[in-house]
Amino acid sequence: MTRTTEKKQKDERILIVQITESDIQFYQNWPLSDQIIADVISKIQQNKPKVIGLDIYRDLPQPPGTKKLLEELQADNIITITNLDETVPAPPQVEEERISFNDFVFDIDNVIRRNLMYVEIEEKPFYSFSLRISLAYLESENYAFKVEPEALYIGE
């Protein structure tokens, strides 16, 4: 059987910035300071993105630069993370509509086979990181988001 691989083009609308081992070695610090994270967000904001997802736990200050990071996190286009069990809360002062979770569901054999996108805990809705980012990106398209017991709907 011959496999054909289709080369996918990069989507220029998406930028992923990651922290690598070389970054940690360069700054000689982990976690990176609030100032470094704030500077990166500020630089990205110069391009006027629809949404920025910060998939880094930032419940505790990592000085210097804590005040600057908290200012950057006030932008309406920033999505942050927490744990569903709330062992790691979202950064302080971030509005609830911009907080998401990045938890995974492990099967009994400790393998991840599913992606959890939305849950309600004690009637409080929680959105996954990917769902919050998608909804924020699509906001200008006026797609309605609807939750029903058996499915999630975006638009029709």
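The values are calculated or read from the model by the stated rules, or taken from the named source; none is laboratory data. Bear in mind the structure is a predicted one, so any value in this text is a computation, not a measurement. Reconstructed Cβ throughout: ideal geometry from the backbone, glycine too, with neighbour counts over all protein chains shown. We work out accessible area using only protein heavy atoms, side chains counted, and drop any ligands, DNA or RNA first. Shrake-Rupley method; radii C 1.70, N 1.55, O 1.52, S 1.80 Å.
So the values come out like this:
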{"quantity": "Residues of the stretch 39-58 satisfying the condition of being in contact (Cβ under 8 Å) with a residue 60 or more places away in the chain, within 12 Å of the chain's Cα centre (by Cα) and under 9 Å from ASN77 (Cβ atoms)", "calculated": "VAL51"}
{"quantity": "Residue count, the stretch 63-77 (criterion: open to solvent by 50 Å² or more (accessible area, probe 1.4 Å) and over 16 Å from the mean Cα position of the chain (by Cα))", "calculated": "5"}
{"quantity": "Per-region count, the stretch 29-43, residues open to solvent by 40 Å² or more (accessible area, probe 1.4 Å) and part of a helix (DSSP H, G or I)", "calculated": "4"}
